[in-house]
1. What accessible surface, in Å², does a 1.4 Å probe find on Arg25, ignoring ligands, DNA and RNA and rounding to the nearest 10?
2. Quick one: P(r) of segment 27-80 from all Cα-Cα pairs, 10 Å bins, percents rounded to integers, in order of increasing distance.
3. May I ask you to compute the full-extension gain from Arg55 to Glu71, defined as 0.36 nm times their residue separation minus their alpha-carbon distance, rounded to one decimal in nm?
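The values are calculated or read from the model by the stated rules, or taken from the named source; none is laboratory data. Values in this document were obtained by computation on a predicted structure and should not be read as measured data. The area values use the complete protein model at the heavy-atom level, side chains included, leaving out ligands, DNA and RNA. Shrake-Rupley method; radii C 1.70, N 1.55, O 1.52, S 1.80 Å.
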Amino acid sequence: MERTVVGASLTAIVTAADIRGMNVRRQLYLAAMIGGSISYIFNVLAFTGEFNVIRWSVFMILFLLVFVGFEKLIAWTEQSASE
């Protein structure tokens, strides 16, 4: 049975977005980048009223470095816990 989401089937949306071709790690990175960007942009616009692409780029680089760091930390703790 196929679910319908506002006139489009769920399988059509998944196929159009090619979600099945992406692995879980890639999906998490993409979701984190989108969520971090949206949060940063709305906060910057709310408090300063202007958007600077260079500052956003620096934020995204630091955000992804911290994201990767936590991923490595979690993998390390899971590895040492299993031994």
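1. 130 Å²
2. All Cα pairs, binned at 10 Å, distribute as 22, 44, 23, 9, 2 percent.
3. Working: separation 16, 0.36 × 16 = 5.76 nm, distance 2.42 nm.
Result: 3.3 nm gained on full extension.
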